[in-house]
1. Just to check I understand the Karplus step: with θ = phi - 60° and J = 6.51 cos²θ - 1.76 cosθ + 1.60, what whole-Hz values come out for the stretch 157-174, glycine and proline as x?
2. What are the membrane-span-like helices in the chain by this rule: whole DSSP H runs, Cα extent along the axis at least 30 Å, mean Kyte-Doolittle hydropathy at least 0.5?
3. Amide H to amide H, which residues 5 or more places from residue 79 or on other chains are under 5 Å from it, using H placed in the peptide plane?
4. Could you provide, to the nearest whole Å², the per residue accessible area of the chain with probe 1.4 Å?
5. Starting from the Cα of residue 225, draw a straight line to each of the lysines and keep only those under 19 Å, dropping any in the same chain fewer than 8 residues away.
6. Between the stretch 182-203 and the stretch 71-112, what's the alpha-carbon centroid distance in Å?
7. Per residue of the chain, what 222 nm ellipticity follows from adding -39500 (n - 2.57) for every DSSP H run with n ≥ 4, rounded to the nearest 500?
8. Enumerate the aspartates and glutamates that residue 183 could reach by cross-link, defined here as Cα to Cα under 19 Å, with residues fewer than 8 away along the same chain left out.
Amino acid sequence: MTTLIIRRFLLMIPLLIGMSIVIFVLAKLQPGDAFTGQMNPNIDAKYYEEQREKLGFNEPIHIQYLKWGENVLKGELGDSIRYKRPVMDLIKERMPNTVLLGVTSIVITYLVAFPLGILSGRKPYSGLDYGVQFLNYLMLAIPSFVAGVFVIYIFAFQLGWFPFSGSVAIGLEEGSFAYYMSKLYHAILPGTVLGLLSTASYVQFLRNDIIENSRKDYIRTARAKGLSESTIYNKHILRNSVIPIVTFFGADVLSVFGGAVITETIFSYPGIGKLLIDSIGGKDYPLMMALLLFFSFLGLLANLISDITYSIVDPRIKSN
């Protein structure tokens, strides 16, 4: 296990370097910069040229990349051009909101997917199974932005059960119990949308694995020994069927952050997903490149977590 982790971390180094080059080049290929379209006619154009020179925008692109890479290695991500604040401070400020949203969505995903997948797998080709399959196809077909707008209209505007924007109510003392409860309350609606749209694949995988495992020889042997159906399903079929689902946990981490980009934008939820969209729209290079590099690292880390989890839950698998 230790060898696996060391090898993967060493492999991540050249991959991150390659990703950083792609991210930097794509960012610089965008037309204009952070000052484009925001120039005040009452301010001399020389001021903006001085700012570009100060930020190094006029230097050759390879020089800009080397300076940026050197700063990243030092842990200095620079200052946001739009927010006039250190990039690291912005990420630290928004990260707890995205983590809370992600935890909420993952909990909802597993609470819904496991019961539906088990029921559908134990009663295949029944009315219940077809009903679950219909819900699966519906969840797969609905885009997240459509689902987000729909639930906002129903549960926020019409019923008034949940807030439709923000991450905490105004006027609450930070650190108080009411403050944290408000944080959770604001994360329920976007977390539910993000979680429910992720359940379809889990339900389908679990259902298919239960059906497949129930037809294998060791299950026939267990039935021939006179074991009860509940023991067969809970101890043999379900245990083996859950293994592929558990290994998705690493991918869950990445999918939550990826899905948060759209969900946070729709709900005006101040997390790093919305921060990324704002940085791209405003051509805020330091913030945009730092967030894209973070997402790249998160993707590599998610794959490592998946491999480790797979080795733990199934000792027969030896990852190299």
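1. Rounded to whole hertz, the list is 7, 7, 8, x, 7, 10, x, 9, 7, x, 10, 6, 5, 6, x, 7, 6, 5.
2. Numbers: long enough: 2-29 (40 Å, 2.00); 87-122 (50 Å, 1.04); 285-313 (41 Å, 1.70).
The qualifying helices are 2-29, 87-122, 285-313.
3. Correct list: 87.
4. Values: 17810 Å² over 320 residues.
Computed with neighbouring chains in place, this is 56 Å² per residue.
5. Straight-distance partners of residue 225: 216, 235.
6. 18
7. Working: 13 runs with 220 residues, N = 320.
Calculated at 222 nm, the ellipticity per residue is -23000 deg cm²/dmol.
8. 93, 173, 174, 264
The values are calculated or read from the model by the stated rules, or taken from the named source; none is laboratory data. Nothing here was measured: the structure is a model prediction, and the numbers come from that model. Ideal geometry is used to build each Cβ from the backbone, glycine not excepted, and the neighbour counts take in all protein chains shown. For accessibility, only protein heavy atoms count, side chains too; no ligands or nucleic acids. Shrake-Rupley method; radii C 1.70, N 1.55, O 1.52, S 1.80 Å.
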